[in-house]
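Novice: Got a structure for you, written out below as structure tokens; questions coming shortly.
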């Protein structure tokens with residue numbers, strides 16, 4: 001209740017202000033082929049590996065092994081953009097677990113053509129150079145198992161440092177905090193994840209000298225002038241994820257898990273299933289069937305949008321996802337076929353992740 005009260009107060013205060021959209025969106029892509037195959041429905045599901053630090057840090061207390069490491073690599077837009085994730089979780093004692101995660105989403109080998117012409121007007125590809133633009137996040141998590149009215153309540157928090165870089169031209173640093181909670185009642189489990197609860201502020205700085213284009217680059221005599229501010233801030237407003245999961249065992253060998261959740265944002269109207277000027281609700285649903293807890297089949301839907309046709313009529317679309325996983329003696333290899341980009345625009349992406357618990 002305290003988490004929900006804090007969220008309501010924060011969201012209401014920010015909703016009255018001008019709300020920027022899509023700041024630090026690389027942190028919304030998601031990690032782990034298991035969760036992505038379930039449509040990102042992973043905020044209340046008991047964690048199998050260190051990816052829990054991303055979806056809900058409170059789930060770290062449900063890790064079965066004392067230590068867990070997870071890695072993921074994905075490529076988007078025909079390999080132009082690369083997404084990398086790594087995490088390590090460690091149980092400090094019977095009630096406390098810590099984790100560290102790393103995320104990079106970047107585009108490398110971008111040609112810089114402003115130096116192709118020298119002061120004498122000579123053109124040479126030998127002067128061609130390359131740069132990268134990338135977003136980084138370093139997260140430190142802590143989760144603890146507590147008791148409330150005789151029942152177990154898991155709580156956790158993330159402290160994250162954000163670094164965004166555009167070659168030698170611009171860079172930004174940011175800091176934010178996420179908090180989460182997880183509660184289990186019989187076959188039901190409930191999760192709350194509050195991202196950027198303090199708001200995450202990125203402060204940009206620009207290299208005016210690197211952005212300056214020499215006048216001799218323009219053979220016609222025209223010049224290009226870049227207006228470069230000394231610094232600029234970028235704010236990521238809070239977002240909440242509320243989720244509930246139900247687990248059922250059909251026999252000794254077969255079991256199934258289903259989770260339904262919603263993302264709640266207040267950064268202005270979005271194209272989601274339920275939206276107003278102040279509040280957006282974006283649902284997601286995922287299921288996982290398991291055989292002997294070794295072979296797993298997964299499916300999920302998310303990213304519900306209303307798309308307008310050329311004749312002005314609109315229709316509802318959803319993003320389907322599917323996946324498979326194999327677990328054995330602490331190792332887990334997961335695969336997901338998921339369309340992370342806009343529905344009907346971006347191609348389906350193949351996601352692989354591996355984890356090891358020991």
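The values are calculated or read from the model by the stated rules, or taken from the named source; none is laboratory data. Remember, it's a predicted structure, so these values are computed and weren't measured experimentally. Cβ: placed from backbone, ideal geometry, glycine included. Neighbour counts: every protein chain shown.
Novice: Collect the residues in region 139-165 that are over 19 Å from residue 56 (Cβ atoms) and surrounded by 21 or more Cβ atoms within 10 Å (Cβ to Cβ), keeping them in residue-number order.
Specialist: 162, 164
Novice: Suppose we keep only residues that are surrounded by fewer than 18 Cβ atoms within 10 Å (Cβ to Cβ) and within 27 Å of residue 50 (Cβ to Cβ) within region 121-138. Which one would you say is modelled with the lowest pLDDT?
Specialist: 132
Novice: Moving to a separate point now. Would you mind telling me which numbered condition in (1) surrounded by fewer than 19 Cβ atoms within 10 Å (Cβ to Cβ); (2) modelled with pLDDT under 80; (3) touching a strand residue (DSSP E or B) at 6+ places or on another chain (Cβ under 6 Å) residue 6 fails?
Specialist: The one condition residue 6 does not meet is (3).
Novice: What are the residue pairs meeting all of these: first residue in region 275-287, first residue touching a residue at least 12 places away in the same chain (Cβ under 8 Å), second residue exposed (fewer than 15 other Cβ atoms within 10 Å of the Cβ) and in a strand (DSSP E or B), Cβ atoms under 9 Å, and 6 or more apart or on different chains?
Specialist: Sorted first by the residue in region 275-287, then by its partner, the pairs are 280/274; 281/274; 282/274; 283/274; 287/256.
Novice: Residues of region 64-88 being touching a strand residue (DSSP E or B) at 6+ places or on another chain (Cβ under 6 Å) and more than 19 Å from residue 27 (Cα to Cα), which ones?
Specialist: 65, 66, 67, 68, 69, listed by residue number.
Novice: Residues 299, 304: which one is under 24 Å from the mean Cα position of the chain (by Cα), part of a strand (DSSP E or B) and more than 15 Å from residue 323 (Cα to Cα)? So that I can check it myself, show each step before the final result.
Specialist: Values: 299 fails: more than 15 Å from residue 323 (Cα to Cα).
Every option except 304 fails the conditions.
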